[in-house]
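Down below is the structure, laid out as structure tokens.
Just so it is clear, none of the values below were taken in a lab; they were calculated from the coordinates. Quantities reported herein were computed from a predicted structural model and do not represent experimental measurements. Because the Cβ atoms are built from the backbone with ideal geometry, glycine has one as well, and the counts that use them run over all protein chains shown.
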Amino acid sequence: MEHMAVQVTLSSTDDYIITYHQSNETLSEVVVVTFGQINSGLNDSGFGTQFLKKQGIDTIYVGQRNKSFYQGLSGDDFVSAVSPTIAGRKVFTYGSSLGGYAALYFASFLNCIAISFSPRCSVDPLISDVIDKKFSEPFRHTALDELTSAGHLEHVVAYDPGVDIDQAYVDRRVLKAFPRAKLVSVANGLHGVGRAMSYSGVLKPFILSILQTGNVIEFEIDPSLDPRHSGEQALKEYNEGNLEAAQKLAERSLGAGGDENSVFVISRLCERRLTTVNPTTYKIDPTIRKYFLRQFAKKSAKLQSDTDVTMNLIDANCRILNFETAHDLAYFLSIKEPSNDDVKNKLIRVRRIIRHLESLG
């Protein structure tokens, strides 16, 4: 008989929520505190929760108000919330990107090892010169290299040195704070090397080796298996006018679920009727669909008329390669507003895309 997992909220405010997940009837020897990324939101589970649960490892998930950068959670409040649960057990922290920063920061208060992928905190003033997008949240944490008695910790930090922001953060903050950290260079891993490792099938043994033995195993990744890598190259080729190369790379990315760049490139090629690939035969990763729908939803919130909202929805469906739905919306809108030339032209353009894709077989 399978035992029901236990879930308990340890602490919750408007800025954060801390939730304990017990995987089995008995406590696991190891408990891992995981942290969400920049848009994780106030959710009770997220990064690492399900993966570690499948391994029979208890977790504590820390979610934060979107783009609050964990600045609303102090080290003292964090320790107070988790201490009763982790008492007597071996503890690790684990996260990626902003979560990777949080793993390093809060591990210092627990005196435990962090597994940190591509760590960065975009509101840290020390990297303001390399951050393109600025955020309003003030930096209220003590800087990593100013935390007392934390320099001895041998954190595991995996990142792609080819990502300028990540390299800058490692150089300027991580190495100064944790000179004994074990740096793992993951070429072509991009930002968020954990995903690249997962696509190459090395993430699970890498994590479990650290949790079970403390050893950092060696590995190689195959960037051709990572849809983000192919997608990034596809966008570069598209912007340089190399459409044939862009199409091949975008198709490779779509074959693995796609990413924001590859879906954008292939949708633009469809709109220009220059593709020889029918992308509707591929299944897009749900997270990519959500990414584009979220972008268009934000635009819809600023529109006034039902017509403009529907036109935006048509564009959204084209962007996620859902051309049949885009056609249906355009058709119904043309019946409702037969004299609207913008609507007519939109319907004509979508029909041309569909005819082009049908001609490809």
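Selection within the stretch 196-249: residues that are within 29 Å of Thr276 (Cβ to Cβ) and basic (Lys, Arg). The member of this set that is farthest from the chain's Cα centre (by Cα) is Lys248.
Of the helices (runs of 4 or more DSSP H) lying entirely inside the stretch 150-255, those carrying at least 1 residues that are at negative phi, out of contact with any Gly (no Cβ under 6 Å at 6 or more places or on another chain) and surrounded by fewer than 15 Cβ atoms within 10 Å (Cβ to Cβ) are 164-169, 203-213, 227-239, 243-255.
Condition check for Lys67 on (1) in contact (Cβ under 8 Å) with a residue 12 or more places away in the chain; (2) at negative phi: one failure, at (2). Each residue in the stretch 1-32 was checked for being in a strand (DSSP E or B), of a type outside the set (A, V, I, L, M) and without any contact (Cβ under 8 Å) to a residue 40 or more places away in the chain, and 4 of them qualify. Taking first residues from the stretch 37-55 that are free of Cβ contacts under 8 Å to residues at least 24 places away in the same chain and partners that are outside any strand (DSSP E or B), the Cβ contacts under 7 Å between residues at least 6 apart in sequence or on separate chains come to Gly46/Gly36; Gly46/Ser40. Of all residues in the stretch 107-142, which are in a loop (DSSP other than H, G, I, E, B) and farther than 25 Å from Leu190 by Cα? If the condition is that a residue be in a loop (DSSP other than H, G, I, E, B) and farther than 25 Å from Leu190 by Cα, then Asn111, Cys112, Ser136, Glu137, Pro138, Phe139, Arg140, His141, Thr142 are the ones that fit. Specify the residue that is surrounded by the most Cβ atoms within 10 Å (Cβ to Cβ); the eligible residues are those in the stretch 33-62 that are part of a helix (DSSP H, G or I) and under 17 Å from the mean Cα position of the chain (by Cα). By that ranking, first place goes to Thr49. Just one residue in the set Arg289, Arg272, Arg352 is more than 33 Å from the chain's Cα centre (by Cα) and of a type outside the set (S, T, N, Q); that residue is Arg352. Summed over the stretch 332-344, the residues that are surrounded by 11 or more Cβ atoms within 10 Å (Cβ to Cβ) and in a helix (DSSP H, G or I) give a count of 7.
Yes/no per residue for (1) among the polar types (S, T, N, Q); (2) touching a Lys or Arg at 6+ places or on another chain (Cβ under 7 Å):
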| site | (1), (2) |
| --- | --- |
| Ala256 | no, no |
| Asp259 | no, yes |
| Arg272 | no, no |
| Thr280 | yes, no |
| Asp285 | no, no |
| Lys302 | no, no |
